[in-house]
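Read through the structure below, which is laid out as structure tokens, and then see the notes.
The values are calculated or read from the model by the stated rules, or taken from the named source; none is laboratory data. These numbers were taken from a predicted model, which means no experiment stands behind them. Please note: Cβ atoms are built from the backbone with ideal geometry, for glycine as well, and neighbour counts cover all protein chains shown.
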Ligand SMILES: O=C(O)CCC(=O)C(=O)O
């Protein structure tokens, strides 16, 4: 069912890893879009124009509309009082989020990992077992006691102020180049998405932090300072969680040392997301089902919920503890752990009452690193190798291949299916 849509994690002349895996091929999406428009208009799905060929004037209007939509959801809402969802955002019925169900309250809570327990020698073994179970059973967990403290609140505050800037100020960072180190954009992959997502974003590559910060937005005036402080604390947390996860997997010695050194030199990208209040939230999504490409993603979010995680064949709404950070396993960690840890699909719902801000910090190893199952986790009897080795070039080949239109990248690397 899947294609990966890219959002590169490096500057324009390098090839750093993309961090998002998107599940819907553009061509499929375009077909679905036409279908969705027909569904909405009550027309025949096989006749998207309903027997009507657009004239030059209509085509021009459509182009103008498209141009407007690609300036982002916030701009659209600012320009027009929106009371109906424009057709470009309407998902076909099968892809729409189901109306919130009342069973949600009985849904399991995402596991909580307390870093204070991981740091206490007497409690570390028990906390490691909890971390191991969370990565195996959910691929998602919440972290408390993480020490990021006020930097998280400041990060959310400056993000909100950035999206509140006049459009012209934000537009300075718009770029069609998905490899740009700084990029303001909309939807998921706006160049490919047939159905647009109700989301605007600011992407900030954080590799070589001191080198890239001067290219980040200079408004709000404190953005560079606040975001770089947050990026540093997120990287420290990633390092600490990777150290614990390797221990939980039973990987020590030089194997662990090598991976941790690669974590220190690895790539990091901040996706600062804004999901404005939406007039018809049950017809669209802020982000489509996707998995993340790297090792771990650390998510900071404001008090408005929206993240849903695939668990036991249903979507579970994440209702995080105040002050916690939500962490998920990415595709690379699933491969490295030989399938023991799960990179799971997640998506973002929007709502009609409040806009939502989230900041995903996506952490990977250096792009040149070949990723494959850790030798410590493979044996011929009980744990045969489940994934082929992979690297960034293979990922790019996959994207341009026919296979890339039908599968997820993770699926293409699988040697065993169960
Ligand atoms: O906003 C969220 O809850 C999730 C964001 C996300 O999945 C992403 O940026 O990859």
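Below, the figures for the structure above:
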item: Residue count, the stretch 350-392 (criterion: surrounded by 12 or more Cβ atoms within 10 Å (Cβ to Cβ) and outside any loop (DSSP other than H, G, I, E, B)); result: 15
item: Residue within the stretch 364-384 that is touching a helix residue (DSSP H, G or I) at 6+ places or on another chain (Cβ under 9 Å) and within 15 Å of the ligand (Cβ to nearest atom) present; result: yes
item: Cβ pairs under 8 Å, 6+ apart, first in the stretch 239-260 and free of Cβ contacts under 8 Å to residues at least 60 places away in the same chain, second in a loop (DSSP other than H, G, I, E, B) and surrounded by fewer than 19 Cβ atoms within 10 Å (Cβ to Cβ); result: 246/252
item: Selection status of residue 334, in a loop (DSSP other than H, G, I, E, B) and either within 15 Å of the ligand (Cβ to nearest atom) or surrounded by 20 or more Cβ atoms within 10 Å (Cβ to Cβ) (or both); result: no
item: Within the stretch 319-328, tally of residues that are within 13 Å of the ligand (Cβ to nearest atom), touching a strand residue (DSSP E or B) at 6+ places or on another chain (Cβ under 8 Å) and at pLDDT below 95; result: 1
item: Odd one out for residue 181, checked against (1) more than 30 Å from residue 85 (Cβ to Cβ); (2) modelled with pLDDT of 95 or more; (3) surrounded by 24 or more Cβ atoms within 10 Å (Cβ to Cβ); result: (2)
item: Check on residue 344, part of a strand (DSSP E or B), closer than 21 Å to residue 316 by Cα and within 16 Å of the ligand (Cβ to nearest atom); result: no
item: Where a residue in the stretch 198-217 is more than 30 Å from residue 351 (Cα to Cα) and its partner, wherever it lies, is within 14 Å of the ligand (Cβ to nearest atom) and assigned to a helix (DSSP H, G or I), with Cβ under 9 Å and at least six apart; result: 206/234
item: Conditions (1) in contact with a helix residue (DSSP H, G or I) (Cβ under 8 Å, 6 or more places away or on another chain); (2) at pLDDT below 95; number of the one not met by residue 333; result: (2)
item: Verdict on residue 234 being within 16 Å of the chain's Cα centre (by Cα), surrounded by 16 or more Cβ atoms within 10 Å (Cβ to Cβ) and part of a helix (DSSP H, G or I); result: yes
item: Residue count, the stretch 183-214 (criterion: outside any loop (DSSP other than H, G, I, E, B) and within 16 Å of the ligand (Cβ to nearest atom)); result: 10
item: Residues located in the stretch 351-363, provided they are more than 10 Å from the ligand (Cβ to nearest atom) and over 22 Å from residue 145 (Cα atoms); result: 351, 352, 353, 354, 355
item: Residue count, the stretch 264-313 (criterion: surrounded by fewer than 21 Cβ atoms within 10 Å (Cβ to Cβ), away from the ligand (no atom under 14 Å from the Cβ) and closer than 30 Å to residue 150 by Cβ); result: 3
item: Candidates 310, 314, 235, filtered to the one that is under 25 Å from residue 198 (Cα atoms) and touching a residue at least 40 places away in the same chain (Cβ under 8 Å); result: 314
